[in-house]
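Data first, discussion second: the structure below is written as structure tokens.
Every read-out reported here was derived from the displayed coordinates using simple, explicitly stated rules and does not represent laboratory data. Just so we're clear, the structure is a prediction, and the values are computed from it rather than from any experiment. Ideal geometry is used to build each Cβ from the backbone, glycine not excepted, and the neighbour counts take in all protein chains shown.
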Amino acid sequence: MQAKIIKVGGLGFTIAYAAFIVWIYATEPRTFKEVTTSAEIAAGTYQIDQEKFNSALSLFRREQFRAARDEWQRADPAQRDAHTQFYIAYSFYREGWGRVYFDQELFKQGVEAVNRSIALSSTSPLTIEDPDLRMHTAAELKVELEQGLESSWSDVNPLKVLRTRK
Amino acid sequence: MSQANRSRNRALVDFVVLPFLFLTVALLGGLRVGAESRTFIFIAPPLVTLLLAALSMLLFVRGGLLRFHEWVGNDLPPVTNVAHIWMFITIFFASAQAFNSVLPERGLFHWLFSFFFLWTLWNNQFSSFDARRLLRSLTILFGTAFVLKHILLANLYSPEGGWLKRVAGALLQGVTLGTLDGPAFAPSTGYIAFFTLALYIAGLILFAFASNGEPTVVTHTLVDGYRQLSAAEQLSVREAILDDPVDQD
């Protein structure tokens with residue numbers, strides 16, 4: 001009887017171990033910290049570092065966009081929080097926005113971040129209630145970033161210097 | 001009581017220890033540590049390692065290390081059959097990852113090593129092997145590949161420029177070394193590979209002992225085979241056994 005328990009238990013244990021190995025190779029964590037983060041995501045217990053998020057938000061409000069992004073990336077190392085990814089995209093928008101031209105590279109990275117944000121909040125449209133922002137949904141931000149990447153005749157309109165940053 | 005202990009220990013080795021050992025080899029065989037970033041790099045087994053693992057499995061069967069007919073059969077309980085098939089799967093992937101750990105990741109050396117592994121394993125298919133000789137041969141094969149990759153080639157790929165790189169640079173002055181280029185890994189990669197290969201060989205040795213744990217079954221199989229021969233063939237077998245000197249090594 002005990003031998004049968006060992007057989008069944010051993011089979012179950014080693015199959016679980018094999019699943020862990022497949023998961024490790026699929027997620028390719030680079031450090032032990034990333035292993036634990038990936039495990040938290042898989043278990044549904046992943047949470048961002050709220051303290052770092054708030055610190056990044058205060059940097060964002062002081063227009064320190066790069067520093068804010070660094071903090072947000074540390075707050076959400078796995079890039080799994082829609083809220084944080086929205087703010088990262090917004091920081092790319094604000095830093096890349098100019099009266100005469102938009103920084104294409106920053107806008108491209110902004111589109112990537114906002115797409116991540118939309119993908120992570122696919123169950124319900126993401127809305128951010130922040131009075132400091134003039135765009136509150138990921139969809140609005142995405143359209144603004146994509147328009148900034150498009151070239152048209154309106155780009156040569158001298159009146160565009162009068163437009164305002166959102 | 002001792003019979004019960006023996007049965008429990010045997011079950012522990014067959015269904016827990018061996019699959020765990022082989023799966024650990026499968027986990028560590030593709031693990032490298034970056035030279036500069038010091039982060040983990042997981043390299044999935046290339047297709048050629050699966051081919052090498054398949055040839056190794058054939059060799060295990062031919063060398064008598066894997067006896068399918070004893071480990072999987074109609075007369076065994078279904079759970080035992082499933083557990084044994086599972087163990088064969090773990091051996092297959094452990095073999096693939098053991099090759100992965102000693103195979104250079106890219107460049108000319110990757111193909112050279114792959115070719116020599118294929119050549120050796122293919123030639124071995126036609127050689128006369130028993131389990132002990134097979135294990136010795138595999139130990140030498142992996143040991144040589146380990147020394148070549150993790151000592152000689154690691155020196156060649158070293159970002160600081162090891163002694164081999166300087167010698168190769170002097171010898172091949174003016175000739176491009178682009179085809180010999182490969183990724184540089186931290187020295188800990190070599191330690192991981194050594195541990196992986198040691199675990200793989202230890203697993204195979206343990207498996208060989210586990211396979212030979214039931215001499216009566218082997219004896220019965222041999223005797224049954226012998227009884228199916230004709231009288232003349234039985235006589236030849238008896239003469240051959242009596243004439244053959246006992247292998248002393």
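Can you give the mean number of other chain Cβ atoms that lie within 10 Å of the Cβ atoms in peptide B:74-81?
1
By per-residue mean of other Cβ atoms within 10 Å, what is the highest-first order of A:15-28, B:188-201?
Ranking the peptides A:15-28, B:188-201 by packing returns B:188-201, A:15-28.
Using a Cα-Cα cut-off of under 30 Å, which lysines could be cross-linked to B:LYS149, ignoring same-chain neighbours fewer than 8 residues away?
Partners found: A:LYS33, B:LYS165.
Could you let me know the centre-to-centre spacing of region A:1-74 and region B:5-23, using Cα atoms, in angstrom?
Region A:1-74 and region B:5-23 have Cα centres spaced 31 Å from each other.
Rounded to the nearest Å, what's the spacing between the alpha carbon centres of region B:74-145 and region A:113-166? Just the number, please.
56
Take every residue in peptide B:20-28, count the Cβ atoms of other chains within 10 Å of its Cβ, and give the average of those counts.
3
Sort B:104-111, A:103-110 by packing, meaning the average of other beta carbons within 10 Å per residue, with the highest value first.
Going from most to least packed, we get A:103-110, B:104-111.
Treating cross-link reach as a plain straight distance, find the lysines whose alpha-carbon is under 26 Å from the alpha-carbon of A:LYS142, omitting any fewer than eight places away in the same chain.
By straight Cα distance, A:LYS142 reaches A:LYS52, A:LYS108, A:LYS160, A:LYS166.
Neighbour counts of other C-beta atoms within 10 Å: give me A:ARG134, B:ARG67 arranged from fewest to most.
Ordered from fewest to most neighbouring Cβ atoms within 10 Å, A:ARG134, B:ARG67 come out as A:ARG134, B:ARG67.
Based on the alpha-carbon gyration tensor of chain A and its eigenvalue square roots a ≥ b ≥ c, which shape applies: rounded if a/c is under 1.5, prolate if not and a/b is larger than b/c, or oblate?
Prolate, because a/c is 1.5 or more and a/b exceeds b/c.
Go through A:58-68, A:38-48, B:144-154 and give me the packing order, highest mean Cβ count within 10 Å leading.
Output ranking for A:58-68, A:38-48, B:144-154: B:144-154, A:58-68, A:38-48.
Using a ≥ b ≥ c from the Cα gyration tensor of the protein assembly as shown (square roots of the eigenvalues), is it rounded, prolate or oblate, where a/c under 1.5 gives rounded and otherwise the larger of a/b and b/c decides, a/b for prolate?
prolate
Neighbouring Cβ atoms within 10 Å as the yardstick, rank B:TRP122, B:TRP71 fewest first.
B:TRP122, B:TRP71
Amide H of B:ALA186 versus every other amide H placed in the peptide plane: which residues, excluding those fewer than 5 positions away on the same chain, fall under 5 Å?
Under 5 Å from the amide H of B:ALA186: B:VAL33, B:GLY34, B:ALA35.
For the pair B:LEU50/B:ILE140, report the inter-label distance in nm, with labels modelled 7 Å from Cα in the Cβ direction.
Placing both labels 7 Å beyond Cα along the Cβ direction yields 3.1 nm.
Need one value for B:38-50: mean number of C-beta atoms belonging to other chains within 10 Å of its residues' C-beta atoms.
What the average comes to for B:38-50 is 2.
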